[in-house]
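Notes to accompany the following structure.
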Amino acid sequence: MKRPYLVKVITLIVMVLLAGCSRNLGSDIPVDLETAAPGGTVTLHGEKLRLTGTPLRIGNPLPATVLVDAFSMKKVDLTQLKGKVLIVSLVPSLDTKVCETQTHQLGELASRLPEGIDRITISRDTPFAQKRFADEAKLTGITYLSDYRDGSFGRATGLLQEESMLLARAVILVDREGVVRYIQVVPELSHLPDIKTVADKANALFTGK
């Protein structure tokens with residue numbers, strides 16, 4: 001077998017294997033359909049963890065806090081993004097399998113959502129770590145915001161883990177007026193949120209149906 005042909009064959013096999021890994025990413029991770037309460041408790045492999053801060057409530061405006069954009073390094077306040085429906089995905093750390101899978105699922109919603117629905121990931125990873133993740137995962141259609149400085153977003157929503165000072169795993173849906181319309185706080189941190197329900201509710205909120 002000639003060397004150039006062999007290289008092509010090996011490259012094709014590697015691409016197929018990588019594609020398979022991408023499709024199966026997190027396929028074995030359970031999805032939670034229930035929700036815990038902001039400011040309440042969640043578990044990690046059954047161990048109870050407390051959430052600290054002011055509990056976020058459906059029907060209330062999203063609180064004003066300062067976050068840092070991972071790509072521009074500019075300060076961002078989500079309350080200034082009125083006019084668009086927001087899907088806000090909170091993860092403890094992007095460098096873990098469950099958080100990576102959750103963010104991939106958020107990225108895959110692009111094909112199911114109309115323009116005018118923004119997808120945002122928030123974690124306490126540094127902006128540099130978020131940007132590295134986005135570039136390596138090729139998930140650059142998402143806005144990455146870092147709460148690394150003092151956890152002000154986590155505290156303002158009751159979604160900051162008291163023990164680790166990381167964010168809880170959660171998804172928040174915000175309407176064009178900046179009002180919270182849906183929250184799922186994943187009860188078990190090692191599980192995924194119900195991203196399908198989030199997408200359905202976001203589309204309904206966007207279309208008014």
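The values are calculated or read from the model by the stated rules, or taken from the named source; none is laboratory data. Since the structure is predicted, the reported quantities are computational estimates derived from the model, not experimental observations. Backbone-built Cβ (ideal geometry, glycine too); neighbour counts: all protein chains shown.
Can you tell me which residue among Thr65, Thr54, Thr79, Thr43 is in a helix (DSSP H, G or I) and more than 20 Å from Ala199 (Cβ to Cβ)?
Values: Thr65 fails: in a helix (DSSP H, G or I); Thr54 fails: in a helix (DSSP H, G or I); Thr43 fails: in a helix (DSSP H, G or I).
Sole residue among the options that is in a helix (DSSP H, G or I) and more than 20 Å from Ala199 (Cβ to Cβ): Thr79.
Considering each residue of the range 93-118, count those that are surrounded by fewer than 22 Cβ atoms within 10 Å (Cβ to Cβ), under 15 Å from Ile172 (Cβ atoms), of a type outside the set (Val, Ile, Thr) and in contact with a Leu (Cβ under 9 Å, 6 or more places away or on another chain), and give that number.
1
Hey, among the residues in the range 147-165 that are in contact with a Phe, Trp or Tyr (Cβ under 9 Å, 6 or more places away or on another chain) and under 11 Å from Gly53 (Cβ atoms), which one's surrounded by the fewest Cβ atoms within 10 Å (Cβ to Cβ)? Write out each step before concluding.
Pass one, the range 147-165, residues in contact with a Phe, Trp or Tyr (Cβ under 9 Å, 6 or more places away or on another chain): 147, 159-160.
Of the ones still in play, those that are also under 11 Å from Gly53 (Cβ atoms) are 159-160.
Working: Leu159: 30, Leu160: 25.
Going through the qualifying residues, I end up with Leu160.
Collect the residues in the range 82-94 that are in a loop (DSSP other than H, G, I, E, B) and modelled with pLDDT of 95 or more, keeping them in residue-number order.
The answer is Val91, Pro92, Ser93, Leu94.
Of everything in the range 117-139, what is free of Cβ contacts under 8 Å to residues at least 40 places away in the same chain and not hydrophobic (A, V, I, L, M, F, W, C)? Give them in sequence order.
Correct list: Asp118, Arg119, Thr121, Asp125, Thr126, Arg132, Asp135, Glu136, Lys138.
Within the range 186-204, does at least one residue satisfy the condition of being under 27 Å from Lys74 (Cβ atoms) and basic (Lys, Arg)?
In the first step, residues of the range 186-204 are kept if they are under 27 Å from Lys74 (Cβ atoms); the result is 198, 202.
Add one more test, that the residue is basic (Lys, Arg), and what stays is none.
No: zero hits.
Does Val31 satisfy the condition of being at pLDDT 95 or above and surrounded by 10 or more Cβ atoms within 10 Å (Cβ to Cβ)? Explain how you work it out, then say what you get.
Details: at pLDDT 95 or above: yes; surrounded by 10 or more Cβ atoms within 10 Å (Cβ to Cβ): yes.
Here the answer is yes, as Val31 does meet what is asked.
Evaluate the following for Val66: is it touching a residue at least 40 places away in the same chain (Cβ under 8 Å), touching an Asp or Glu at 6+ places or on another chain (Cβ under 8 Å) and surrounded by fewer than 22 Cβ atoms within 10 Å (Cβ to Cβ)? Talk me through it step by step, then tell me what you get.
Values: touching a residue at least 40 places away in the same chain (Cβ under 8 Å): yes; touching an Asp or Glu at 6+ places or on another chain (Cβ under 8 Å): yes; surrounded by fewer than 22 Cβ atoms within 10 Å (Cβ to Cβ): yes.
Yes.
If Ala156 passes every condition in (1) more than 17 Å from Ala64 (Cβ to Cβ); (2) in a helix (DSSP H, G or I) but one, which one does it miss?
Looking at each condition in turn, Ala156 falls short on (1).
Tally the residues that are touching a strand residue (DSSP E or B) at 6+ places or on another chain (Cβ under 7 Å), closer than 20 Å to Pro61 by Cα and of a type outside the set (Lys, Arg), restricting the search to the range 82-126.
So the answer is 12.
Out of the residues in the range 111-131 that are farther than 23 Å from Gly178 by Cβ and among the small types (Gly, Ala, Ser), which is farthest from the chain's Cα centre (by Cα)?
The selected residue is Ser111.
Which ones in the range 166-206 are under 13 Å from Leu33 (Cβ atoms), touching a strand residue (DSSP E or B) at 6+ places or on another chain (Cβ under 8 Å) and not hydroxyl-bearing (Ser, Thr, Tyr)?
Val171, Gln184, Val185, Val186, Pro187, Glu188, His191, Leu192, Pro193, Asp194, Ile195, Val198
Take the conditions surrounded by 13 or more Cβ atoms within 10 Å (Cβ to Cβ) and under 22 Å from Arg155 (Cβ atoms) and apply them to Gln80. Does it pass?
On the way: surrounded by 13 or more Cβ atoms within 10 Å (Cβ to Cβ): no; under 22 Å from Arg155 (Cβ atoms): yes.
It is false that Gln80 is surrounded by 13 or more Cβ atoms within 10 Å (Cβ to Cβ) and under 22 Å from Arg155 (Cβ atoms).
Please find, among Val76, Val68, Val98, Val88, the residue that is closer than 21 Å to Ala204 by Cα and β-branched (Val, Ile, Thr).
Working: Val76 fails: closer than 21 Å to Ala204 by Cα; Val68 fails: closer than 21 Å to Ala204 by Cα; Val98 fails: closer than 21 Å to Ala204 by Cα.
The unique qualifying residue is Val88.
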